[in-house]
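J.: For reference, the structure I am asking about is given below.
The values are calculated or read from the model by the stated rules, or taken from the named source; none is laboratory data. It should be emphasised that the depicted structure is a prediction, and the values quoted were computed from it without experimental measurement. Virtual Cβ from ideal backbone geometry, glycine too; neighbours counted across all protein chains shown.
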Amino acid sequence: MRAAGSVHAGLGEWLVQRATSVYLAGFLVYLVFRFAFDPLADHAAWRAWFAQGPVRITWGLFFLSLLAHAWVGMRSVYMDYLHSAGVRVAATFLTAFGLLALALWAANILLNTAS
Amino acid sequence: MPIRFSIYRYNPETGEKPRMRDYELSDDCGAVMLLDALLLLKEQDDSLGFRRSCREGVCGSDAMNINGRNGLACILPLKDLRQPIEIRPLPGMPVIRDMIVDMTPFFAQYKAVQPWLVNHDPEPEIERLQSPEERDRLDGLYECILCACCTTACPSFWWNPDKFLGPAALLQAGRFLADSRDQATGERLDSLEDPYRLFRCHTIMNCTDVCPKDLNPAKAIGHIRQMLAKRVL
């Protein structure tokens with residue numbers, strides 16, 4: 001066994017993965033029912049729907065959950081399969097920046113639909 | 001109809017590559033369990049290497065990969081096995097010869113969870129007592145025979161054998177965390193809280209699927225995670 005001892009980490013990521021999966025599953029079920037019973041007809045209807053604050057907040061939480069969930073998942077894949085520390089660190093940083101960019105893009109969309 | 005076998009053969013001293021070799025036994029050979037058949041095959045070919053001892057599923061020596069599934073040869077009835085019966089060493093372990101694998105990494109994992117009772121109180125005159133309920137909490141944990149069927153069936157162990165503790169060692173970690181006489185719960189949880197040691201488990205549950213003693217390492221690992229979560233939530 002590696003003699004480095006415990007690094008007292010991993011629990012937070014595990015809890016984030018569990019919590020975000022609950023929100024993602026719940027929100028997707030809500031979306032299915034939302035569009036099944038009250039479909040949005042056109043672009044104007046979409047804009048009107050997104051003009052409501054609670055809608056944007058729930059979508060914001062959805063994107064945050066999705067990106068956090070993806071972060072934990074990708075980290076897990078790298079820890080499992082990338083055994084060169086250099087490659088693992090590079091992949092981790094690239095993923096972090098990529099997910100941050102996606103987060104900013106999502107924020108930009110959600111904030112601009114308000115105006 | 002003969003009983004057909006295809007058995008992994010490897011002897012590093014010959015310099016030859018590992019290969020599968022075919023064997024046959026007549027169906028009236030008298031073998032009931034797979035281990036009986038292997039012992040008869042060893043009479044045919046005494047170079048065939050495998051470990052065995054108690055021949056009744058207690059010692060865990062004859063763990064091997066049988067038709068793609070880890071198990072104990074001594075408790076697997078021959079009649080239940082698809083032919084040709086493919087026998088290989090436990091996956092992911094260094095092979096010493098044929099079905100004999102080097103268990104050193106496995107026992108290093110076991111040792112890493114300190115599989116002994118830690119109690120700083122003065123030794124009592126009689127044994128350290130438990131209530132029946134406290135004793136019941138050890139059921140499903142203490143019965144492990146350390147055969148390594150679970151750990152070597154675990155993909156997370158295959159990818160990180162030097163960092164992930166593996167289901168067998170984690171089951172034992174759970175066993176001592178559940179013991180009312182143990183006083184090292186905090187230290188044990190501290191040493192387990194690690195992205196590799198514990199959290200490489202992705203609840204694949206091969207461990208629970210193959211355990212020849214019907215134990216549930218995945219449940220024990222889940223319980224350790226709950227104990228860790230309760231410390232911070």
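J.: Would you mind listing the helices (runs of 4 or more DSSP H) fully within segment A:1-113 where at least 3 residues are under 25 Å from B:Arg231 (Cα atoms)?
T.: A:11-37, A:53-81
J.: Suppose we filter segment B:83-134 for residues that are within 14 Å of another protein chain (Cβ to nearest Cβ), surrounded by fewer than 17 Cβ atoms within 10 Å (Cβ to Cβ) and not basic (Lys, Arg); how many remain?
T.: Qualifying residue count, segment B:83-134: 5.
J.: State which residue pairs qualify: first residue farther than 18 Å from B:Cys150 by Cβ and assigned by TED's automatic domain parsing to the domain that holds B:Thr208 and inside segment B:169-185, second residue surrounded by fewer than 20 Cβ atoms within 10 Å (Cβ to Cβ) and acidic (Asp, Glu) in any location, beta carbons under 6 Å apart, and separation of 6 or more residues or different chains.
T.: Listed by first residue and then by second, the contacts come to B:Ser180/B:Glu134.
J.: Further question on the same structure: Before we move on, is A:Arg47 among the basic types (Lys, Arg), at negative phi and within 19 Å of the chain's Cα centre (by Cα)?
T.: In short, no.
J.: It is to be established whether one or more residues within segment B:47-55 are assigned to a loop (DSSP other than H, G, I, E, B), touching a helix residue (DSSP H, G or I) at 6+ places or on another chain (Cβ under 7 Å) and without any contact (Cβ under 8 Å) to a residue 24 or more places away in the chain.
T.: Within segment B:47-55 (the criterion being assigned to a loop (DSSP other than H, G, I, E, B), touching a helix residue (DSSP H, G or I) at 6+ places or on another chain (Cβ under 7 Å) and without any contact (Cβ under 8 Å) to a residue 24 or more places away in the chain), the answer is yes, since at least one residue qualifies.
J.: A further question on this structure: Would you check if there is a residue in segment A:19-41 being surrounded by 13 or more Cβ atoms within 10 Å (Cβ to Cβ), within 13 Å of chain B (Cβ to nearest Cβ), among the aliphatic types (A, V, I, L, M) and closer than 20 Å to B:Phe164 by Cβ?
T.: No, every residue in segment A:19-41 fails to be surrounded by 13 or more Cβ atoms within 10 Å (Cβ to Cβ), within 13 Å of chain B (Cβ to nearest Cβ), among the aliphatic types (A, V, I, L, M) and closer than 20 Å to B:Phe164 by Cβ.
J.: Turning to a different aspect of this structure: Are there helices (runs of 4 or more DSSP H) fully within segment B:111-230 with at least 3 residues that are at pLDDT 95 or above and not aromatic (Phe, Trp, Tyr)? List them.
T.: By residue number, B:132-136, B:166-177, B:185-192, B:206-210.
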